1. From the Cα gyration tensor of segment 190-312, with a ≥ b ≥ c the square roots of its eigenvalues, which class applies: rounded if a/c is under 1.5, or else prolate if a/b is larger than b/c, or else oblate?
2. Among 268-278, 103-113, how do they line up from the highest to the lowest mean number of other beta-carbon atoms within 10 Å?
3. Using modelled backbone amide H atoms (1.01 Å from N, in-plane), which distant-in-sequence or interchain residues come within less than 5 Å of N342's amide H?
4. A374's amide H: which non-local residues (gap 5+, or another chain) put their own amide H closer than 5 Å, with H modeled 1.01 Å from N in plane and none for Pro or chain starts?
5. Using the structure shown, list the pairs from K151/K287; K151/K332; K217/K357 with a Cα-Cα distance above 30 Å, or answer none.
6. What ranking of H143, H252, H180, H340 emerges when the number of other C-beta atoms within 10 Å of each C-beta is taken as an exposure proxy, fewest first?
7. How much length, in nm to one decimal, is gained on full extension between S286 and S91, taken as 0.36 nm per residue of separation minus their Cα-Cα distance?
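Read the figures in this text as sums done on the coordinates, not as results from a lab. Every value quoted in this text rests on a predicted model; they were computed, and no experiment measured them. Quick reminder, even Gly has a Cβ in these numbers, built from the backbone with ideal geometry, and neighbours come from all protein chains shown.
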Amino acid sequence: MAVALFTLFAAVGWSPSPLHRRSVPTHVDPSTLVLRRGASAVMHERGIRGALRARLVGVGSAAPEQRVDNHQLARVVDTSDDWIVQRTGISARHLLAPGEGLADLGIAAATKALQHAQVEAEEVELVILASSSPDDMFGDAAHIAKEVGCKNAAAFDLTAACSGFMFAVATAAQFLHTGHHRTALVVGADALSRWVDWSDRNTCVLFGDGAGAVVMKTAEAHQRPGVLGYEMRSDGAGRKNLNLGYQGPSVHLTDEAEGEVVAEVTKGEYQPIGMNGKKVYQFATSKAPQVLREAIDAAGVKVEDIDWLLLHQANIRIIEIVAEKLGIPMSKVLTNLEEHGNTSAGTIPLCLDDAVKQGRVRNGDVVAMAGFGAGLSWGAAVVRWEGPEVEVESGQEVEEAVAVD
Ligand code: ACO
């Protein structure tokens, strides 16, 4: 694999060179810069978004303690464990309790990711929170950054629903690739339990709350790039199939003394999540394989080179169909939706964290990831995982492998 990648980079003229923060260092050979610009032009002409000099070096996750399994949910709405498991693969979900916040999950996940990466919070220069359900509509990223101790970071929220984490990784990778920022924290977190109608069995059984985070760093001159290829897409024409739309009652601004209505505005309120399940299912099973193929092409790898497929955890049937379309066996597919359901922007890093901590995803493994959801939006990235290995208690790895096979 490594040889194949090296050959590809050599073919397109890519060569790692040290770009330092906010200025081009004097020791860079100008011919290297010309060569790299040439390579990027070639990639652009061929419509390929190539590797980015960004590495994923640590992961962490968090979920609320409150756990509701299908049997418990069947006491609340007209559903059954059988129906939910067969149609979705979900057995349980974790839900924020009153007094708990989305930012709390983000802070916990981010703290663990930094510990795992052995990176000091002060080193972080960029914090991106992918979320559609922040505690504060103005954004939670700055709050998370402060609580985690990232006092040198610029922080902002990014909204792309269930594609949010993928879009945030691609965004952070651009900053890291230029070398203008060298360490980033990317958090994916959602609390859709706040926004589903708990009397609507079509939607409420699907979602849970959770967060995951990765630490990303610039790949130095002597290091291989970690984001091998990516692709992002969106199509607003499909937004009606999955939305969390604003719809507030009107409010009159009145001049009480004159008894006159000066203006009419609306109060801030949202409707619960609306979804056409079948349309979203069709969208996901057609677009996810497509965008993954594009990212795999961009990475210059073959499907056989992919060690793990990690899809947005929406529905096991969607995951199985996408894997089958790509010719990737289920033994290489990572899932944890049985325990967490769909945590929107949280699913991919949450599942990655589980897989790394179980010793399944190892340092150097190539992981193809894809997110898809509201917007509509969809995106994929092929990354090389470069986080520290975790001690796994004997027997645990085998147990997990058997469970997924
Ligand atoms: N329990 C029991 N019965 C149910 C439930 C339930 N929770 N929900 C629906 N049903 C019933 C329906 O009423 C219907 O009954 P009917 O035949 O008498 O009319 C029957 O089950 C079949 O319903 P379908 O909607 O046809 O079921 P389907 O097999 O399509 O599965 C599902 C529904 C699971 C929602 C599927 O369409 C799906 O996964 N779609 C994608 C959803 C998704 O991934 N959404 C999140 C996107 S991520 C984001 O951006 C937030």
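1. prolate
2. By packing density, highest mean first, the sequence is 103-113, 268-278.
3. Long-range HN contacts for N342: F207, G208.
4. C162, S163
5. K151/K287; K151/K332
6. The order, fewest Cβ neighbours first, is H252, H180, H143, H340.
7. So the chain would gain 67.7 nm between S286 and S91.
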